[in-house]
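Contents: one structure, followed by commentary.
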Amino acid sequence: MTTIGGGTEATEPAETPAAAPVRRTDRRIPIAVGAAVVVLAAGLTVAKVGTDAVVAVFHGLVELVTEPAPTPRHVVAPAAPQPVVAPARDALADLPEAVRAALIGAPPTGDFTFRFQPGRTPREICRAMDAAGLANRGWARATDAGFFECMSELMTVPGSKPVARTVAVDPEAGGTVDLPPQASTLFFVARGRGAEAIDTVRFKLNLDDASVDAAGRRLLAERIADLGTTLSWQPPEAMLAAIRDHRKYAADVRGIHVDVHPESDPVKRVNVVLVLGRPANRLPPDRFVALPPMPEELAPPPEPPRTAPLQPATP
């Protein structure tokens with residue numbers, strides 16, 4: 001501490017107040033109080049409802065705590081009952097036995113098919129093939145023959161060149177002949193017994209030049225497709241495959257009989273014949289019976305007699 005004379009006087013430090021003592025709360029007191037409350041409540045309960053009820057309550061609490069959780073159950077709804085369908089009734093059951101035997105007991109009479117009817121006339125078909133590159137003179141009666149036809153000229157396969165060939169004419173004597181050079185060609189001919197219908201159509205591919213073998217077969221397939229378009233008829237793929245593979249094929253396809261006949265000597269050739277004019281299958285006459293007379297109650301009433309119309313009076 002500083003005095004008036006300028007000296008300094010030592011001073012004692014001020015006393016620091018002692019720290020307040022820490023009070024510890026005894027936790028046993030609330031526990032004891034709670035226990036006393038429980039005992040008191042239990043005593044009151046025992047006094048009111050009896051010891052058996054208290055034991056039962058505590059026993060139930062123990063079971064509730066110790067019992068395992070219940071397993072969930074999946075309940076499946078029963079399937080809906082299926083409707084009972086009555087068997088179909090035989091529509092012929094009420095007929096006499098002889099009639100039933102005649103209707104369903106007779107053996108089959110054969111394979112009946114529809115007859116193909118071209119949608120174009122022979123003249124239209126020949127003109128269509130002429131436009132497709134197989135030039136012909138149209139549908140006309142064949143010279144000195146009892147049928148009609150249109151025959152095309154030889155159509156050269158694109159890219160083909162004339163090839164000379166030597167052919168044996170007498171194998172036993174060893175004779176041969178030199179043929180003039182020929183290119184691979186295609187032609188067609190349609191024929192019919194009458195002027196109004198074509199019975200057969202024939203295509204022939206001559207493969208004298210083997211270098212255009214595939215091109216010639218494609219050309220043949222294209223011209224057959226042109227004919228099919230004119231007739232509203234689609235050539236079967238099996239027939240086209242037989243043409244490509246140089247093998248035989250015969251089948252009835254949608255009303256037309258198809259025949260593929262290949263040749264291999266002395267050169268490869270392919271013949272395709274379409275038969276259009278096949279006769280239709282018909283039942284024999286003995287399979288038809290006359291209709292029985294109509295009962296009188298179902299017969300139409302007779303027509304009233306016709307009278308002459310009234311004439312106007314002459315003035």
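Taking each residue as 0.36 nm, the span from GLU222 to ALA131 lengthens on full extension beyond its C-alpha to C-alpha distance by 31.5 nm. Distances between placed amide hydrogens fall under 5 Å for LYS268 paired with LEU207, all partners being 5 or more residues away or on another chain. Computed 3J(HN,Hα) for region 262-275, one whole-Hz value per residue from the Karplus formula 6.51 cos²θ - 1.76 cosθ + 1.60 where θ = phi - 60°, is x, 10, 9, 9, x, 10, 6, 9, 10, 9, 10, 10, 10, 9, glycine and proline marked x.
Debye-formula intensities of region 174-213, expressed as log10 I(q)/I(0) at q = 0.16, 0.24, 0.29, 0.30 Å⁻¹, are -0.62, -0.82, -0.96, -0.99 (one equal scatterer per alpha-carbon, no solvent). Of the residues SER264, SER184, the one with the fewest other Cβ atoms within 10 Å heads the list, and the complete ranking is SER264, SER184. Computed from backbone phi, the HN-Hα couplings of region 254-260 come to 6, x, 10, 7, 10, 9, 10 Hz, rounded to whole numbers (Karplus: 6.51 cos²θ - 1.76 cosθ + 1.60, θ = phi - 60°; Gly and Pro given as x). On the beta carbon distance between ALA79 and ILE104, with R0 = 45 Å, the FRET formula returns roughly 0.65. The SER232 and GLU263 beta-carbon pair, evaluated with R₀ = 22 Å, returns a calculated FRET efficiency of approximately 0.10. Peptide packing for 223-229, 198-204, 130-136 was compared via the average number of neighbouring C-beta atoms within 10 Å per residue; ordered from the highest value, the list is 198-204, 223-229, 130-136. 5 Å is the cut-off here: which amide hydrogens, built 1.01 Å from N in the peptide plane, fall below it relative to HIS246, excluding neighbours closer than 5 in sequence? Answer set, sorted by chain and number: none.
As a calculated quantity, the FRET efficiency between ASN271 and GLN117 at R0 = 22 Å, using C-beta atoms, amounts to about 0.30.
Values in this text are rule-based calculations from the coordinates and carry no lab data. Quick caveat, the model's predicted, so the values are computed rather than measured. Positions of Cβ are generated from backbone atoms using ideal geometry, with glycine treated the same way; all protein chains shown enter the neighbour counts.
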